[in-house]
Structures are given as structure tokens and as C-alpha cells.
Amino acid sequence: MEYISTRGTAPKLTFAEAMLTGLARDGGLYVPATIPQMSHAEIAALAGQPYEEVAYRVMRPFIGDSFTDDAFRGAVERAYAGFGHAARAPLKQLNENHFLLELFHGPTLAFKDFAMQLIGQLFGDELTRRGQRVTIVGATSGDTGSAAIEAFRGIEAVDVFILYPHGRVSEVQRRQMTTPSEDNVHALAVDGDFDDCQARLKDMFNDFAFRDAVGLAGVNSINWARVLAQVVYYFSSAVALGAPHRKVSFAVPTGNFGDIFAGYIARRMGLPIDRLVVATNQNDILHRCLSGHGYHKGETIPSISPSMDIQVSSNFERALFDAYGRDGGAVAQLMEELKSGGFEVSQGAMQVLQDIYASGRVSEDETKTAIGHWLTATGELLCPHSAIGVRVGEALRNPDIPMITLATAHPAKFPAAVEEASGVHPPLPPRMADLYDRPERVTRIANDLGALETHIREHRLK
Ligand SMILES: *Cc1c(COP(=O)(O)O)cnc(C)c1O
């Protein structure tokens, strides 16, 4: 199995190389050179299997020779062992033919655990085999950082440093980053905002001497291995509702387009998905684009669904690559135009995108109303991101085809917004109830490249 870049000129890599590299050298994103197919019979045989078995069968063809069958199976088993629900990704019914896929039973209560827990195991195995160590540095507005720390805590070949904006993440998010006690975990509270954290991270990647000295690596959402891990729950939920014998649709709260792109891969593999519905908050660049108005950056406006407050949706490049017939030159040209504000999508590519994706946008008031409505109607307390998905999924569903909305976070991760919308304070699950009592460990640090690099050099384990 080979991986190629969406911009067409970077070297082809194996699965393990693409995973350790993240971004391609030509600035593109890695995608599989061909998409493995699953037959009707192979999909039907997934029904009733444990989540880990479905995960193994769906992902195995993408891994190639990078891991042996046994090593890959072991990594999958370890990745999901710590989840708080035996089904890993349970389905609940909300309405006639509308279902909620709960993706928040992992250790940090958001869907990012599905991918991050697995790549933690795969990084650990691959680096041990190579006799290498890396330093993972990430910038976060909350969910990604906590998921990365949970995934890499105690993995010997890795140090993980997470930069978050001091005073600007929720208390649950902060405690999830500052309470793990392993020596290889380093939470850094930067005196600045999220954009400052991201800018310093970029500076570090551009400082080649530093990059090589510490073995800098990234695990942001463009990493192909993260997309792949998310393909699995499209299969597990669709077969539970009758696929491949009948079609299903999905509604996905979307920011960086990683989660919904995983649904597209499932569709390309042969899963009978009718519609993939993109649900955005007021930061609606994807909805505008899919409605035919081009892809043009605006100002990011903070919302009560902060994990979707994004203007440039990095994984959308992968969708464009296929919509333009895998023409890397055309994609490189669009990304060049994006630097000066945006681009128009060609008519042919727009047709391809609109045949696969539908979209909707939800305002702040509509999000709060949806949280209250679904609590009253079903007893289900939704986080703001999930409420956006449910609202768009309900509006755009075909009554004859089951709609599955992805619930991307637990309501207890966003307690203030949920309480304001519903009057109910969402409690943490019992297995995490002591989060507020655990000791915190964090370094407050200036928004300064030199200070950050010195800290990382001195504190990583040798
Ligand atoms: C990251 C995140 C999203 C957006 O997912 P993308 O893959 O970036 O589209 C939605 N909801 C929650 C809770 C998240 O943490």
C-alpha cells in the first residue's frame, strides 16, 4: 500500500512513513494511492462483531507491510481497552429513522480519542522497532491536546508537549492536560491566544536545527492515520442499521473536515452511504463552499462549539484532490490562491462534491434551542457540537433512509453552554468524577520561540 501527496510531487511513502511524517514535503496531505474495496459479503460479515474486530478488518488493507497482523491487532486491542462503554461507539435512537452515534466514551470524552488512542499505540510500536525517539509538539484550543496527552502518556519512545492558551480553555479541558502524572507528558500554558500557540508551533517546525535535534513530530488532524481510524465507526454503525442490505446517511459536525472525510473513504470502500451531511456552526466556510459560493476565508468568530471554530479546513484538500480527478497540480494551484484569500471551485469538481456531500449551518441561538428541544423530546443531553449535527441531520434527512448523526463530545466537556441552554448541569461520568481532585502539573511560559525551544530541549527525556 502506497501513499501519495495531494500536491503530486512529494515522494511516495508507506503507511508507517506517512504516519510519522504527517505533512508531505510539497505541503500536501498523504492519501492512499488506491482505495481498498470491501465486498457486499465482507461488509455483511461485520454485523455483530466486536468493535475491535470491525476495526481490524476495515483498516488492515491500508496498513500494508508496515505492521504484522498480530502487531496491528494488538495495537487495536490496547487502543480501545480504556473506553468506558463495551460497544465503544454505541447507537441511540432519537426519532423515526434518526440515530445518534455516541463517540464520546473514550478517556477525554471526545471522538478524537478513537484516532489518537490508536496512533499512540502505533507510534510506540514503530519507534521502538526503529530504535528512535520523537518529540511530539502540539497546539490546542482544548480537545486535540487532551486527546494527544492521554494517547501518548507513558509511551516510552515519545515526549509530548502541548501548548495551550493560558486561561482560555475550559477547566475540564485544562485538567485533562495537567493531571496525567507520567514524566513524558508536558503541559505548557502559553501567555497568548490559540493563534499564538499555532504560530510558535509552526516556527518550531521551520527551525530545522531544532526540528532535527529533538526529532519533532506532529499529530494534528491532517495525519492520515487519524483519518483512517475514524473510518471504522461508519462501518460499525451502518451494519448495525442494516447495511449493506440498505443505505444509510450520516450527519457530521465539521471543522477541519477530518471526521467527515473518513465517511467518504468508507463510501469509496463500498459502504452504501447515501448522503454525507456537513454541519457547521457560524464559521461556515464549508457550507458556503458546498452551496456553490467558492472557498473564501473569513474572520473566525468564537462560538459555543469551539472545536469547530475554523476558517481554513485543512482536510478539505483531500476532498478537492479527488473532486479534481486526483490532479495534484490543480490542487497546488488552489492552495496558492488560498494564501491570498480564497478560490472558486470548477463546475466539474463542484458537481462531484455535491453528489456526495450536503451541508447546513446552525447559528448560536439555534444550537441552544436544539439542546433544549432534544432534552425534552428524548432525554438526551447533547453537547453543542453534537446538537449542530442533529439539527442539520434532522432537517436534511430522507424519511426512508436512516440518518446517523455523530455525537462528537460528551456534554460534560462543555458544561457552561449546556447548562445555559438546558438548565441542566451535565455531570462527568463516574470514572472521571475525581478529575477535580487530582493534582495539576503545568509550566506557564512566555509566548516566545526561544523560551519554548529551551524548555523543550531541557525537559524532554533522553
Ligand atoms: C475536533 C472536533 C470536531 C470537528 O472535527 P473535524 O474532524 O475537525 O471536522 C467536532 N466536534 C468536536 C467535539 C471536536 O472535538
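All of the numbers you see were taken from the coordinates with simple rules; none came from a lab. Just so we're clear, the structure is a prediction, and the values are computed from it rather than from any experiment. Here the Cβ positions follow ideal geometry from the backbone for every residue, glycine too, while neighbour counts run over all protein chains shown.
Rg to Rh for the stretch 390-460: what is it, with Cα atoms only and Rh by Kirkwood? All intermediate terms of the calculation are to be shown ahead of the outcome.
Numbers: Rg = 20.8 Å, Rh = 17.1 Å.
Taking Rg over the Kirkwood Rh, I get 1.22.
Within straight cross-link reach of Lys368, meaning Cα distance under 13 Å, which aspartates and glutamates are found once same-chain residues fewer than 8 apart are removed?
Cα-Cα hits under 13 Å: Glu419, Glu420.
Can you find, among Ala45, Val418, Ile149, the residue sitting farthest towards the positive end of the charge dipole of the chain, where Lys and Arg contribute +1 and Asp and Glu -1 at Cβ?
Ranked along the dipole, the leading option is Ala45.
Treating only the Cβ of Lys, Arg, Asp and Glu as charged (+1, +1, -1, -1), what charge dipole size does the chain show about its Cα centre? Round to the nearest 20 debye.
Details: 43 positive and 55 negative charges, 121 e Å.
Using only the charged Cβ atoms, the result is roughly 580 debye.
Once whole DSSP H runs in the chain are found, which of them have Cα atoms spread over 24 Å or more along the helix axis and a mean Kyte-Doolittle score of at least -0.5? Could the numbers behind the result be given before it?
Values: long enough: 112-130 (27 Å, -0.35); 224-240 (26 Å, 1.03).
Passing helices, by number: 112-130, 224-240.
In the chain, with Lys and Arg counted as +1 and Asp and Glu as -1 at Cβ, which of these residues, Gln117, Pro107, Ser386, has the Cα nearest the positive end of the dipole, that is, farthest along it?
Checking the options against the dipole of the chain, the answer is Gln117.
Work out, step by step, the length gained on full extension between Asp70 and Thr378: first 0.36 nm times the residue separation, then minus their alpha carbon distance; give nm to one decimal. Write out the running numbers ahead of the final one.
Working: separation 308, 0.36 × 308 = 110.88 nm, distance 4.25 nm.
Separation in residues times 0.36 nm, less the Cα-Cα distance, equals 106.6 nm.
Say each of Ile35 and Leu449 gets a label point 7 Å from the Cα, pointing the same way as Cα to Cβ; how far apart are those two points in nm?
4.0 nm
Pull up the cross-link candidates among the aspartates and glutamates for Lys92, meaning alpha carbon to alpha carbon under 13 Å and not fewer than 8 places away within one chain.
Once the sequence-local aspartates and glutamates are set aside, what remains near Lys92 is Glu102, Glu380.
Could you work out the helix-only [θ] at 222 nm for the chain, with each DSSP H run of four or more residues adding -39,500 (n - 2.57) and the total divided by the number of residues, to the nearest 500 deg cm²/dmol? List each step's numbers first, then the result.
Values: 19 runs with 204 residues, N = 462.
So the calculated ellipticity at 222 nm is -13500 deg cm²/dmol.
Computed FRET efficiency, Cβ-Cβ of Lys339 and Asp195, R0 22 Å: what is it to the nearest 0.05? Display every interim value, and only then the final one.
Working: r = 17 Å, r/R0 = 0.76.
For R0 = 22 Å, the calculated efficiency reads 0.85.
Please find the FRET efficiency linking Arg130 to Glu440, where r is the Cβ-Cβ separation and R0 is fixed at 30 Å, and quote it to the nearest 0.05. Write out the running numbers ahead of the final one.
On the way: r = 34 Å, r/R0 = 1.13.
According to the calculation, E is roughly 0.30.
With unit charges on the beta carbons (Lys and Arg positive, Asp and Glu negative) and the dipole taken about the Cα centre of the chain, which residue among Gln351, Ala16, Val172 sits farthest to the positive side?
Sorting the options by dipole projection puts first Ala16.
Shape of the chain from its Cα gyration tensor (a ≥ b ≥ c, root eigenvalues): rounded if a/c is under 1.5, otherwise prolate when a/b > b/c, or oblate? Could the numbers behind the result be given before it?
Values: a/c = 1.27, a/b = 1.14, b/c = 1.11.
It comes out rounded by the Cα gyration axes.
Name the long-range amide H neighbours of Val345: under 5 Å, sequence gap of 5 or more, or other chain; modelled H, no Pro or chain starts.
Here the answer is Gly294, Tyr295, since their amide H atoms fall under 5 Å of that of Val345.
Dipole of the stretch 219-304, Cα-centred, from +1 at each Lys and Arg C-beta and -1 at each Asp and Glu C-beta, to the nearest 20 debye? List each step's numbers first, then the result.
Numbers: 8 positive and 4 negative charges, 56 e Å.
About 260 debye.
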